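Notes for the one structure printed next.
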Amino acid sequence: MRVLSGIQPTGNLHLGNYLGAIRNWVRMQDEMDADSQCFFFLADMHSITVHEGREQRIRNVRDMAAALVAAGIDPDRSVLFNQARVPAHAELCWLLNGTARIGWLNRMTQFKDKVGKDREGASIGLFVYPVLQAADILVYNATHVPVGEDQKQHLELARDIATKFNTDFGVELFTLPDPIIPRESARIMSFRDGTAKMSKSDPSDMSRINLTDDDDAIMQKVKKAKTDPEPLPETAEGLAGRPEANNLVGIYATLAGRTADAVCAEFAGKGFGAFKPALGELLVETLRPIRSRFMELRTDDAALDAILEKGAARASAAAEPTLRAAYDAMGLMR
């Protein structure tokens with residue numbers, strides 16, 4: 001079993017990053033047997049679809065590496081690296097551009113959602129983003145890829161590309177990856193709007209819990225989080241139509257490793273004046289050790305670069321046989 005997953009290195013790491021992806025990565029790493037391996041990468045090649053200054057991008061990569069290690073990713077047990085240090089990703093992407101079809105990419109809903117009405121002004125990189133994702137997966141012959149609802153279509157595209165390449169060139173080169181649906185697929189929403197995802201791009205810092213927030217800031221943000229005047233119901237079914245309430249209960253349940261029904265049963269009939277302090281304390285206790293380690297790690301650029309370089313060397317060695325075989329299958333002398 002070879003698991004692969006990537007995350008874009010963005011600034012202002014927040015609770016959504018941790019519960020939505022990072023915590024599940026740590027869990028998968030810890031559950032791997034001796035014959036299996038996890039590849040976790042920082043998708044800095046994907047990040048160029050949005051303009052960002054050189055120094056900021058470098059800082060974001062290092063900060064994300066620090067966050068992953070602080071949260072429990074062990075660079076000795078998992079292969080942790082940033083995409084740009086492994087040229088095989090970009091090379092295989094170009095080779096797969098000859099196999100992928102425009103019609104397939106035109107059906108990608110994420111592209112349509114991101115460009116809206118400004119399709120002509122979107123970067124080509126954003127359009128072919130799913131082909132690079134396919135290369136990310138196929139270059140390691142990953143057997144399993146953790147996916148959320150918004151990425152299922154991209155994994156299907158990777159399988160289609162792999163199938164067509166294998167068929168076109170008469171090889172059995174690429175493994176068709178299977179999805180892993182995380183046991184707890186947390187979708188963390190804004191503290192100001194329960195219908196919008198928690199995001200670093202929200203102009204209000206009160207909309208999110210940052211990994212750098214201290215204990216007092218966390219408690220203040222939770223207490224000021226938007227809610228409604230109704231008490232908590234006895235079951236999660238009663239949260240229907242109450243997005244802010246549903247979000248806070250969901251965060252509590254995810255942190256505590258409990259069901260939303262169990263959380264509702266404990267706080268049934270109580271208002272948010274009672275629930276919010278309990279949620280705040282749980283967040284503080286969970287995030288404090290991660291924040292402390294993160295703040296310590298992010299000041300040591302040399303150590304972070306050494307971690308990423310070591311991971312990139314291991315990743316490159318794993319990717320080389322597949323990349324070489326792809327060149328050979330296509331009749332390209334390298």
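Structure summary
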| item | result |
| --- | --- |
| Whole-number percent relative contact order across region 205-334, with pairs defined as alpha carbons under 8 Å at least 6 apart | 25 |
| Using a Förster distance of 35 Å, the FRET efficiency for Asp301-Ala196 (Cβ separation, nearest 0.05) | 0.55 |
| Per-bin percent of Cα-Cα distances, region 205-296 [10 Å] | 17, 49, 27, 7, 0 |
| Inter-label distance for Ile181 and Asn97, nm, one decimal - labels placed 7 Å from Cα along Cα-to-Cβ | 3.5 |
| From the C-alpha gyration tensor of region 86-217, square roots of 5λ in Å | 33, 19, 13 |
| Phi-based couplings in Hz for region 99-116 (Karplus 6.51, -1.76, 1.60; Gly and Pro marked x) | 9, 5, 10, 4, x, 5, 5, 4, 8, 6, 5, 5, 4, 4, 5, 6, 8, x |
| Antiparallel content of DSSP bridges confined to the chain, in %, to 5 | 10 |
| Check: region 55-100 dipole with +1 on Lys, Arg Cβ and -1 on Asp, Glu Cβ, in debye | 80 |
| Nonlocal amide H pairs with Ile180, under 5 Å, H built at 1.01 Å | Val145, Val147 |
| Angle between the chain longest axis and helix 243-256 axis [Cα atoms, degrees, rounded to 10] | 80 |
| Rounded, prolate or oblate (a/c below 1.5 giving rounded, otherwise prolate when a/b exceeds b/c) for region 258-334 by Cα gyration tensor | oblate |
| Max mean-square fluctuation residue, GNM over the chain, Cα-Cα springs under 10 Å, options Val139, Val86, Val115 | Val115 |
| Over the chain, relative contact order from alpha-carbon pairs under 8 Å, at least 6 apart, % | 23 |
| Semi-axis lengths (Å, descending) of the ellipsoid that matches the C-alpha gyration tensor of region 1-71 | 24, 13, 9 |
| Flagged links, alpha-carbon separation over 28 Å, of Lys197/Lys223; Lys152/Lys224; Lys197/Lys276; Lys152/Lys197 | Lys152/Lys224 |
| Local electrostatic count, Met1, Cβ distance below 11 Å [Lys/Arg +1, Asp/Glu -1] | -3 |
| Length added when fully stretched, Ala317-Met333, from 0.36 nm per residue minus Cα-Cα | 3.8 nm |
| Using distinct alpha-carbon pairs, which all enter the 1/r mean, Kirkwood radius of the chain in Å | 21.3 |
| Per-pair calculated FRET efficiency, R0 = 22 Å: Ala256 and Met32 via Cβ, rounded to 0.05 | 0.35 |
| Given charges at beta-carbon only (K, R positive; D, E negative), |dipole| of the chain in Debye | 600 |
| Förster-model FRET efficiency, 25 Å R0, Glu156 and Glu120, C-beta, rounded to 0.05 | 0.40 |
| Space enclosed by the convex hull of the alpha-carbon atoms of region 95-163, per residue, Å³ | 85 |
| Assigned charges on the beta-carbon of Lys, Arg, Asp, Glu; region 1-74 dipole about Cα centre (debye) | 280 |
| Whole-number Å³ per residue for the convex hull built on Cα positions in region 1-147 | 123 |
| Exposure proxy ranking, count of Cβ atoms within 10 Å, fewest first, for Trp25, Trp94, Trp104 | Trp94, Trp104, Trp25 |
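Bear in mind that the values in this text are calculations on the coordinates, not laboratory data. For clarity, every value in this text was computed on a predicted model and none was experimentally measured. Because the Cβ atoms are built from the backbone with ideal geometry, glycine has one as well, and the counts that use them run over all protein chains shown.
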